[in-house]
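In what follows, a single structure is set out as structure tokens and then discussed.
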Ligand code: SAM
């Protein structure tokens, strides 16, 4: 799953507050989606109990873990390059152990050990609780692999350590796996079937974050709208649940309302939504509670009905428009973002034009756009030839990226002259005299620091903008402060 961490975060070694462990140093690097970054916090928590402290220095590490992404070939190549770098360091420090976690581990399994001789440990996304045993195996000189996918592992009982946190915003996982079987996507194979986390353990994690002063949480899953807790078990087995379980089940709208009511001053976000699973009661909950942010990441992948069908996206272009219309009717100042794939097998110029016209209709606030990358084992790879030439994919990608830029600018321009609430997250990358934060719409805003501090909710008068950033002046604390 994605969505997608700030590109600059990719590969960052995440660190936690130093503790006095047993002197063993762990370096953990994460690539890919938000869920991988969130999983790395679970891994760090499991290994902190084993006495590991985190480090950002490869040279200093006893154990290096790389949390990997398989979504596109390029993501896998990035990881292979990092492994080359580890190999060079391992020559100087042969005692250093290297483990591959996440989706590439799941996809390649033990093959990884043959392909990359420096790897000692291969651990899939549902097997992190086994890490202490696996590390013991490795320390005794054996390679170790656990890539078993689980029916019920949600790590609900593990309290993640917050790695490199700003103390303001945090991710909270609510579902794992995905049942959607989009034909291009490797996620169902690498992260298994969909299951939801017990709402009580979600609430405990959110309560704990609130107590620690966090101001914003993002509920995380491959497909959050499909969240369904009925006492445990896979989503696909819900049909076999007892009448009692069915009557007392918690769906995503109910979970959202629960969190929003328990913490009225906390901002609540969620990601990712799949159009086919997003229901009116979720939109109504967003409209009702001011602390649920007015922002939806709603990947569509293509504007062509024929391609949507080939992708096994279970909605049409017209149904997507109806959903967008409903969202905008109930939440007029909502921001919507997209994921788009260009050059899916058999995509014609006409299909591509459909994508551009769908974008014109929605005028997304921003988007993440990709050239199709064939993934081994997926239905598309098995049934369809990757027949759109690379240069055509690239040209179409350039066209949708530049149209998106126009729309993003159009959207940010609508804020100029308005005063908006911003939650301050960090110093602006470009100036140490400015804060950077986000509006409820998830748009980045920068403004002079004055006496405000990280974690404050402030009203910012927007004076200027680029296609990605609002530029303004803080005019006071907001009522949420
Ligand atoms: N679960 C979300 C959904 O159903 O839309 C997002 C899943 S995915 C990990 C994030 C994005 O990567 C997708 O929305 C899609 O745009 C892109 N993606 C997935 N598989 C891809 C592929 N084989 N080639 C190119 N892009 C891909």
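The values are calculated or read from the model by the stated rules, or taken from the named source; none is laboratory data. Just so you know, these numbers come straight off a predicted model, no measurement behind them. Glycine also receives a Cβ, built like all others from the backbone with ideal geometry; neighbour counts cover every protein chain displayed.
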(message) Looking at (1) at negative phi; (2) without any contact (Cβ under 8 Å) to a residue 60 or more places away in the chain; (3) more than 16 Å from the ligand (Cβ to nearest atom), which one does residue 216 not meet, given that it meets all the others?
(response) (2)
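Per-residue answers, yes or no, for (1) at pLDDT below 90; (2) more than 16 Å from the ligand (Cβ to nearest atom):
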{"position": "3", "(1), (2)": "yes, no"}
{"position": "13", "(1), (2)": "yes, yes"}
{"position": "24", "(1), (2)": "no, yes"}
{"position": "39", "(1), (2)": "no, no"}
{"position": "42", "(1), (2)": "no, yes"}
{"position": "67", "(1), (2)": "no, no"}
{"position": "80", "(1), (2)": "no, yes"}
{"position": "99", "(1), (2)": "no, yes"}
{"position": "109", "(1), (2)": "no, yes"}
(message) Can you tell me which condition residue 169 does not meet? The list is (1) in contact (Cβ under 8 Å) with a residue 12 or more places away in the chain; (2) in contact with a helix residue (DSSP H, G or I) (Cβ under 9 Å, 6 or more places away or on another chain), and all the others hold.
(response) (2)
(request) Name the residue, out of 59, 50, that is more than 16 Å from the ligand (Cβ to nearest atom), outside any helix (DSSP H, G or I) and touching a helix residue (DSSP H, G or I) at 6+ places or on another chain (Cβ under 9 Å). (result) 50
(request) Tell me which residues, restricted to segment 192-213, are within 16 Å of the ligand (Cβ to nearest atom) and either crowded, with 23+ Cβ neighbours inside 10 Å or closer than 18 Å to residue 299 by Cα (or both). (result) 195, 196
(message) If I filter segment 318-340 for residues that are out of contact with any helix residue (DSSP H, G or I) (no Cβ under 8 Å at 6 or more places or on another chain), closer than 27 Å to residue 269 by Cβ and surrounded by 15 or more Cβ atoms within 10 Å (Cβ to Cβ), do I get at least one hit?
(response) yes
(request) Return only the number of the condition from (1) away from the ligand (no atom under 16 Å from the Cβ); (2) outside any helix (DSSP H, G or I) that residue 222 does not satisfy. (result) (1)
(request) Return a yes/no flag: does segment 295-308 have any residue that is over 27 Å from residue 365 (Cβ atoms), touching a helix residue (DSSP H, G or I) at 6+ places or on another chain (Cβ under 9 Å), within 16 Å of the ligand (Cβ to nearest atom) and in contact (Cβ under 8 Å) with a residue 12 or more places away in the chain. (result) no
(request) Determine whether residue 461 is on the phi > 0 side of the Ramachandran plot and over 28 Å from the mean Cα position of the chain (by Cα). (result) no
(request) Return a yes/no flag: does segment 234-252 have any residue that is within 16 Å of the ligand (Cβ to nearest atom), crowded, with 20+ Cβ neighbours inside 10 Å and in a loop (DSSP other than H, G, I, E, B). (result) no
(request) Evaluate segment 177-187: report whether one residue or more is farther than 30 Å from residue 76 by Cβ and either within 14 Å of the ligand (Cβ to nearest atom) or part of a loop (DSSP other than H, G, I, E, B) (or both). (result) no
(request) State whether one or more residues within segment 330-345 are away from the ligand (no atom under 15 Å from the Cβ), part of a helix (DSSP H, G or I) and more than 19 Å from residue 274 (Cα to Cα). (result) no
(request) Would you mind telling me which numbered condition in (1) within 11 Å of the ligand (Cβ to nearest atom); (2) in contact (Cβ under 8 Å) with a residue 40 or more places away in the chain; (3) out of contact with any helix residue (DSSP H, G or I) (no Cβ under 7 Å at 6 or more places or on another chain) residue 424 fails? (result) (1)
(message) Against the conditions (1) within 13 Å of the ligand (Cβ to nearest atom); (2) in a helix (DSSP H, G or I), where does residue 369 fall short? Just the number, please.
(response) (2)
(message) Looking at (1) in contact with a helix residue (DSSP H, G or I) (Cβ under 9 Å, 6 or more places away or on another chain); (2) surrounded by fewer than 19 Cβ atoms within 10 Å (Cβ to Cβ); (3) in contact (Cβ under 8 Å) with a residue 12 or more places away in the chain, which one does residue 347 not meet, given that it meets all the others?
(response) (2)
